[in-house]
Amino acid sequence: MLLAESPSLNKIIMDTLKPLNVPVASMRYNQTADTYIVFLIYNEAPELNADDVEIITKYFIQMDVFSSGNFTKLVKDVVRLMKNAGFGRMFASETYDEDMKKFRKIMRFNYETKIEEEV
């Protein structure tokens with residue numbers, strides 16, 4: 001799915017995950033919820049150029065789900081919502097963070113936007 005450059009990708013991600021009723025933050029979460037999601041755009045690159053002009057930009061997003069309990073259903077819901085919003089899933093891995101005492105699901109997605117011509 002291609003999207004014109006507005007609204008911001010951060011807003012799109014936040015709106016996409018809103019139905020989960022779980023705190024979602026860009027880059028850093030500094031609250032106290034037991035379960036939460038943090039995402040960041042770790043790469044942005046031209047996907048299509050024509051006559052040295054960028055037509056489509058591809059974004060690469062990392063999304064981490066943190067929880068001290070079972071987060072299997074939440075992770076499935078995140079993937080479903082992201083795919084339904086036009087994001088492509090690229091990678092997933094699980095780990096346990098000893099310092100935080102939380103399970104962590106690391107997922108990576110990509111997303112393409114069409115650059116609007118400036119008038």
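The values are calculated or read from the model by the stated rules, or taken from the named source; none is laboratory data. It should be emphasised that the depicted structure is a prediction, and the values quoted were computed from it without experimental measurement. A quick note on method: Cβ atoms are made from the backbone with ideal geometry, for glycine too, and the neighbour counts reach across all protein chains shown.
Points worth noting:
- Any hit, the range 54-63, residues being more than 22 Å from Ser8 (Cβ to Cβ), of a type in the set (Val, Ile, Thr) and surrounded by fewer than 17 Cβ atoms within 10 Å (Cβ to Cβ): no
- Filtering the range 65-86 for residues that are among the hydroxyl-bearing types (Ser, Thr, Tyr) and within 15 Å of the chain's Cα centre (by Cα) leaves an empty set.
- In the range 63-119, the residues that are in contact with a strand residue (DSSP E or B) (Cβ under 6 Å, 6 or more places away or on another chain) and polar (S, T, N, Q): Ser67, Ser68, Ser93, Thr95, Asn110, Thr113
- Filtered by the rule that a residue be surrounded by fewer than 14 Cβ atoms within 10 Å (Cβ to Cβ) and within 22 Å of Lys73 (Cβ to Cβ), the range 3-30 gives Asp15, Lys18, Pro19, Asn21.
- Residues satisfying the stated conditions in the range 87-119, i.e. more than 13 Å from the chain's Cα centre (by Cα), surrounded by 11 or more Cβ atoms within 10 Å (Cβ to Cβ) and farther than 17 Å from Asn10 by Cα: Glu94, Thr95, Asp97, Lys102, Phe103, Arg104
- Counting only residues that are at pLDDT 90 or above and either assigned to a loop (DSSP other than H, G, I, E, B) or more than 15 Å from Ser67 (Cβ to Cβ) (or both), the range 1-29 holds 18 of them.
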